Structures are given as structure tokens and as C-alpha cells.
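Here the structure is laid out as C-alpha cells; the discussion comes afterwards.
Laboratory data are not the source of any read-out in this text; all were calculated from the coordinates shown. The structure displayed is predicted, hence computed values, not measured ones. Counting neighbours? That spans all protein chains shown, and the Cβs are built from the backbone with ideal geometry, glycine included.
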Amino acid sequence: EKLFHSRDHSDLQIPSSHQAELITDKDTAELFLSRYGFIRPVNWEELQFDQSTGISNDEDFPGEEDLSGIQEGDSSLSRAETDDDDDDEDSPNPTESQAFISALRDFQMVSGLSVTGLFDDATKAAMNKPRCGVPDKETDDATEEVHDSTSSALGINTATWLT
Amino acid sequence: KNTDTSEYSNKTFSGVLNGSRHVGKRAWGNMAFSKMVLKWRLIGEGYSSQLTIQDQRHIISLAFRMWSEVSPLEFIEDTSSPLADVDIKLGFGTGRHLGCNQKFDGTGREFAHAWFLGDIHFDDDEHFTAPNTGSGISLLKVAVHEIGHVLGLPHIYRTGSIMQPSYLPQESGFEINWMDRKSIQHLYGGCKGQYNTVFDWIRKERTQYGEVVIRFNTYFMRDGWYWLYENRTNRTRYGDPVALQVGWHGIPPDGVDACVHVWNRNTDAVYFFKGTQYWRYDDDNDQVFTVDPEGHLYPRLISEGFPGVPSPIDTAFYDRRDYHIYFFKGTYVYVFDVTATRVSPGFPRKITAVFPAVVSGDHPGGSIDAAYFSYTHNAVFLFKDTLFWRVVGRSRDRWRRPALPRNDLLKVEEQWFDICNVHPSALKV
């Protein structure tokens, strides 16, 4: 079980390996924007089906835990080191940077933030909020006519959000 | 106006085709389920480790019901059919889960995901809680959001929308707001149907200062259910419909033909009519009278209490302006003088004669479903099927259009919103 001591489980302790990776820098922010379709629309429906058969509930966490130094009652586990190759990369492609900034601005706009194109603290906080896993921007195989009244009713800017 | 759902969306789906959900092209806001009754199941291998199974099923059932209350959709929990026959499957999982290609990210950020016309997965690494718990993530709110996706709604960036992508801590008693209702109704149409009766129930109350004030509430009744309609907010009370026997004790549980509230200086009596009988309601004790203060036993024959009025009737309403009850049966109307306790001379008369049409031919004719005097609109409405007619007022309408003869009919569309059925199995949720 996840460790707790209080009756109402309010002190539930989550192992760090079970925690979602926080959005802390531009790289993780770019992953976020990519995952939810801000950089390029996501074909969500095609991602639905797994090639494996049957239904499983396996847990799959990256890396191995460092088990040394664990004492009774110690719920903190060392976090698996992440491979960070950022320093070794060449200078970012200007086009890619532009795509990132554009995606960032889109995210800031729909999140009610100041649209600066800068990865600021407010944007970081917004990205780390609990959210639904469905992408915000999806592909559409067919070119379908979208009624402006529909888009308006759904709060979507047609030109920006739909193919 | 008789709103046909086929005008709302290009529905090319017919449920699940060949067991596959990968049914082709769609765009948010344009396509939807083509059937109105959908089955759901919380799969056994996908229970949460945080709430009891009963709580999980109850909360999810409530989430489906909330969508049912604002759309023509009905949802049934199906725990016995083959899985392939279940339209919406729900489950909890962590990391790689339930054969899903989209791995959950652990505690934090993603709390769930769903597929259009498909299934819903909840990340059990999140701290899901029951409604109004205060802490954690409300399972109810997340479920309502994900069901919205399954039904065809995208993320909506509108303050107050349940379809916002980010989770906002649940304020007490969150509900589906007006715009979200219109969004789902754009896909599935609005709610329509016939009513047995519609009436305003008037009551006296004392303010904190001892003043007597008159208040009223509007009720719509259909078969064994009823809704309280809140005129100021253009919607029904949250959580309605309610079974008749829950709110009105002693009246026929499968529905009534009419209800009238006779309210004047001398009389304050609520009557329910069904078949050849009628009941008087005891407001003080919230049940029908068995014996009223005048010594009458109930149920009582309509022919005894209202001599000259046939039974069964189609519907009736009390017009406080002239102290008459208007009884409708077939193509005739009987005007009953409550003071004289008899049908007024010259009646019955044809409905079309007493309430002539403004536009020739545009008239319910007869077999009225419900007749309703509205204190909100200070007007009489006649209901038939999914249509409404408004009787021209004696002052306001005729002041605007003096050529209108008194008591003529106008057609009124979409006056009352979101009076929606839920599946009978959801009545107790």
C-alpha cells in the first residue's frame, strides 16, 4: 500500500517513482506541448489501441531504485536519474524554436495567461496542474466544414484549432 | 416548433460497428452516438483502490445521470451483457493499464483520459475522492468531464465549463452550466416530450418580519415523474426528475391528467385529477386528504365535485382572473364556476371557438395534453405533443396588437428548457 498514518489518509506518501514528472524546463515543457497537441495536432484516436492482447494492469516505471540506505519508516526513495543530453545538443533549430514559442503562446492563450511566448513561472505552474490526458489539439483526417456558430459555442477559434 | 434531432449532427455511427471503435473520421462538435440509450460498465479488473466499489459505481452513475438531465441521452449500468455490447467501459489503472496504449504518468498532472464514443480510464495514482470531500480530486467532476469526451465534446476553454482541460477544485455542488448544456444539445438535440400536466403551486410564507408573502413554484409532470422548473434560471431544479410518490404523497404514482390550484379569497385548494376521480392535496401534511375540512372523502368522483364536467378529462387549469376552472376534453372546453359550483351557461363549447387561432389552422384543435396558467408570464399556455401555444393576454398582447381578438393563440417555441428524462434505473441516484 501507499504509506499513510492519518485516519483520513491525508498524509498519503507517494513514492517519487510514482509521481508524474514535473514540468521544470523548456525540454519538459516542449514534451508537454507536444503531448497535448500544441506543437503538432495529435491523432488521439489512433493512439487508443495497444498491440498487446488482453487486459493487464502492469505498472511500468523507468529505471531501478537505489535501495541502499533505506531504513524503517523512511518513505523517501532516491529519484531515478534522468538522462539529460541537453548540454550536448547543438544550437536549437530556429524553426523548432519558433514552433515551441508559437505552441507556448497558444497554451498561454487558452489557459488565460499573459501571452508572452516566454516559459515563465505562471506558465510552468499551469502546465503542472492536474489535467485531462486528452490532447487539446487533434488531427482530423477529413476536411470537414465547421460551422462558425458551433465553434463559437464551443469556445474554439476555428482557424487555430481545427484542420 | 418540433425539433428533429437529425438536424443537429451528421451522425454516421450506429453504435459499435463490428466490435471496433475505430470507426473512421470525425471532428469534434460534429458527430455523436446515433442511439439515445447507452450502456456503461465499470469493469471488474479496473476498480480503484481508493474508494469502495459501491462508491465508485454510485459516483459514476451520478456522473452519467448529470448528462442525462440536460440531454435526450439515457444511460444504463450494464453488468451482465457481453463486454462487446457495452457502449462505454470505464476503469481505473496506473502506469500501463488495461491494455491502453497511453501510459499514465503517476501521481500528478494527468488524472484520466477518454476516447470519443469509447472508453474512459482513470489514473488511480491520483487521490480520487467522493463529492464534497474537500481534498483530493473529485471523481464525480472528472467522470463528468471524461463522459463529455465520450459523447463528443472537446476541451472547451470557457470559464465555468466542465470541459476545461485543467482540473479546478470542486466548489460545492458543481453542475453543468448553460453553455455546456447547449454544447451537448448541439450534438444530440434538446429534450422534448409530452406532459400530463403543468401548474404553478402557490403558497403563503411569512418573512422574518412577519409579513405574509405569496410565492409559487412551477411543476411539470410526465407519467410517474415530475420536475420543478426554476423560471429565473431557465432550467429545472438540479437533480430532477423525481418520482411522483416521493414529492406528492398519495396521488396516483403513474401520473395524473391534471392539477389545478384554486386560489382566491375564499378558497385555497389543490386538486389532482385522474380518470373519473380527483384528490385534494393537504399542503400542511404533505399528502392527499382522506377527509377534507368540508367532510368530503377522497378520492372523490369528478362528477360529484364538479357536476357537469365529464371524465376522464384531458387537462385543466384555474384562471384566477375570472375564478373559473377550464376543463378540456377532446375538442371541447368546459368552464366551471367554482363559486357557483357548476358549469357556466353556454358550455361546453369548441376549444377553437373559445380560443380561436390568430393564424387560421395554427391551433392544437383538441386533445390538449396540458393547460397551464403561468404566473411568471401571466399567460395561459396550451401544450400538445412537443408544441406550445400561448393564449393572447387580455391587456398586454392586445395592447401591442390591438387587432388581436381576445383569447387567440400564438405559437411559442422553446419557452422551457432542459426538461429531460433520465433512465428509470437512474431515478434513485
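Details
- FRET efficiency, 1/(1 + (r/R0)^6) with R0 25 Å, evaluated for B:L83 and B:S425 via beta carbons: 0.80
- Of B:Q245, B:Q208, B:Q194, the one that fluctuates the most in a GNM where chain B has Cα springs shorter than 10 Å: B:Q208
- Three-way shape call for region B:133-264 based on the alpha-carbon gyration tensor, with the a/c threshold at 1.5: prolate
- Fewest-first ordering of B:H127, B:H113, B:H155 by other beta carbons within 10 Å of each residue's beta carbon gives B:H127, B:H113, B:H155.
- Exposure proxy ranking, count of Cβ atoms within 10 Å, fewest first, for B:E294, B:E77: B:E294, B:E77
- Where no second cysteine Cβ lies under 4.7 Å, the cysteines concerned in chain B: B:C100, B:C259
- When chain B is treated as a Gaussian network with alpha carbon springs shorter than 10 Å, the biggest mean-square fluctuation among B:S344, B:S68, B:S360 belongs to B:S360.
- Relative exposure of B:M31, B:M36, B:M163, judged by other C-beta atoms within 10 Å (fewest first): B:M36, B:M31, B:M163
- Most mobile of B:W225, B:W279, B:W416 in a GNM of chain B (Cα contacts under 10 Å): B:W416
- For region A:97-134 versus region B:231-300, the inter-centroid distance based on Cα atoms is 56 Å.
- Multiplying the residue separation of B:R232 and B:L301 by 0.36 nm and removing their Cα-Cα distance gives an extension gain of 21.1 nm.
- Here the spin labels are modelled as points 7 Å beyond Cα on the Cα-Cβ line, and at A:D121 and B:S49 they lie 3.6 nm apart.
- For region B:64-78, 3J(HN,Hα) computed residue by residue from phi via the Karplus equation (6.51, -1.76, 1.60; θ = phi - 60°) reads 5, 4, 4, 6, 5, 6, 10, 8, x, 7, 10, 10, 10, 7, 10 Hz, glycine and proline entered as x.
- With respect to chain B, whose longest principal axis is taken over its alpha-carbon atoms, helix B:139-151 is tilted by about 90°.
- Cα centroid separation, region B:126-203 to region B:56-116: 15 Å.
- Nearest-ten-degree value, helix B:178-188 long axis tilted from longest Cα axis of chain B: 80
- A helix-only calculation puts chain B at -3500 deg cm²/dmol for mean residue ellipticity at 222 nm, using -39500 (n - 2.57) for each DSSP H run of at least four residues, averaged over all residues.
- B:R342 versus B:T159: modelled label distance in nm, points set 7 Å from Cα along the beta carbon direction: 6.4
- Of the trypsin sites (Lys or Arg not before Pro) in region B:73-171, those whose Cβ has at most 11 other Cβ within 10 Å and which sit in DSSP loop: none
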